[in-house]
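The values are calculated or read from the model by the stated rules, or taken from the named source; none is laboratory data. Just so it is clear, the model here is predicted, and its values are computed rather than measured. Cβ placement follows ideal geometry from the backbone for every residue including glycine, while neighbour counts extend to all protein chains displayed. Areas reflect the complete protein model, heavy atoms only, side chains present, ligands, DNA and RNA absent. Shrake-Rupley method; radii C 1.70, N 1.55, O 1.52, S 1.80 Å.
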Amino acid sequence: MIHPILAYGDPILKLKASNISIDETDDLGPLIKDLWETMYNANGVGIAAPQIGISKAIFVADFSFFKEEENFKEEELINMQQVFINPKIISETGNDFNYPEGCLSIPNISENVIRKEKLKINFLDKNLEPQQMICSGIIARVIQHEFDHLKGILFTDKLSYKKRKSLKQELNLISSGDIEVKYKMSFFKK
Ligand code: ZN
């Protein structure tokens, strides 16, 4: 089922998502399916459960979109389409790396965000098997962005004060629903 994607301004996006407990793991199939469907419908490369209003620690990402990128390393991947359940970042190392990010919850805005180049992350995959990924560049970046959603952090929170100030009007238009988007969104009514 395709869900409306919560727009910037919805308080659910600012919550820390709760870990999925062992007795919930049986019912994850439909949620995972919905995340994929909602993400592909919106032409996204990743989506986290809070973006469809479910404050649980799970996100999905499809890395195949970046295959042509210079810094794409296929050998870093377990799957091209990966489900991350209860992820835990072990380390973020390497150089600071600036790259433009967008977000399905913040349509039509793209800004450079500084992140560490290398990432080590533990998580459960869709079969609830523990996995560890050591990755870098664009792959790490997608994961770092989605992981932030589980902490209630949006990429705009990582911008300079000056940059955020300059985006304020655009962000207000998004939260009030005064935007053109090709997929269904949910706008928080104050
Ligand atoms: Zn996002």
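Summary table below
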{"quantity": "Protein-only accessible surface order, largest first, of 8, 40 at 1.4 Å", "calculated": "40, 8"}
{"quantity": "Region 107-162 - Kirkwood radius from inverse mean 1/r over Cα pairs (Å)", "calculated": "12.8 Å"}
{"quantity": "Where Rh is the Kirkwood radius over Cα pairs, Rg/Rh for region 79-190", "calculated": "1.01"}
{"quantity": "Stretchable slack from residue 129 to residue 55, in nm (0.36 nm times residue separation minus alpha-carbon distance)", "calculated": "24.5 nm"}
{"quantity": "Solvent accessible area, Å² - residue 38, 1.4 Å probe, full protein context", "calculated": "0 Å²"}
{"quantity": "Additional length obtainable on full extension of the chain from residue 88 to residue 23, 0.36 nm per residue less Cα span", "calculated": "21.4 nm"}
{"quantity": "Region 31-67: trypsin sites (Lys or Arg not before Pro) in DSSP loop, at most 12 other beta carbons within 10 Å", "calculated": "67"}
{"quantity": "Two-decimal ratio, the chain, of alpha-carbon radius of gyration to 2.2 N^0.38 Å", "calculated": "0.99"}
{"quantity": "Sulfur and carbon atoms: percent of accessible area, region 34-175 [1.4 Å]", "calculated": "46 percent"}
{"quantity": "Computed over region 1-73, the ratio Rg/Rh where both radii use C-alpha atoms and Rh is Kirkwood", "calculated": "1.02"}
{"quantity": "Cα→Cβ-extended label distance, 7 Å offset, between residue 2 and residue 37, nm", "calculated": "1.0 nm"}
{"quantity": "DSSP-assigned coil residues among GluC sites (Glu not before Pro) in region 90-190, each with at most 13 further Cβ atoms within 10 Å", "calculated": "180"}
{"quantity": "GluC sites (Glu not before Pro) lying in DSSP loop within region 49-88, provided at most 13 other Cβ fall within 10 Å", "calculated": "68, 69, 70"}
{"quantity": "Karplus-derived 3J(HN,Hα), 6.51/-1.76/1.60, for each residue of region 30-41, Hz, glycine and proline x", "calculated": "x, 5, 4, 4, 5, 4, 4, 4, 5, 5, 5, 4"}
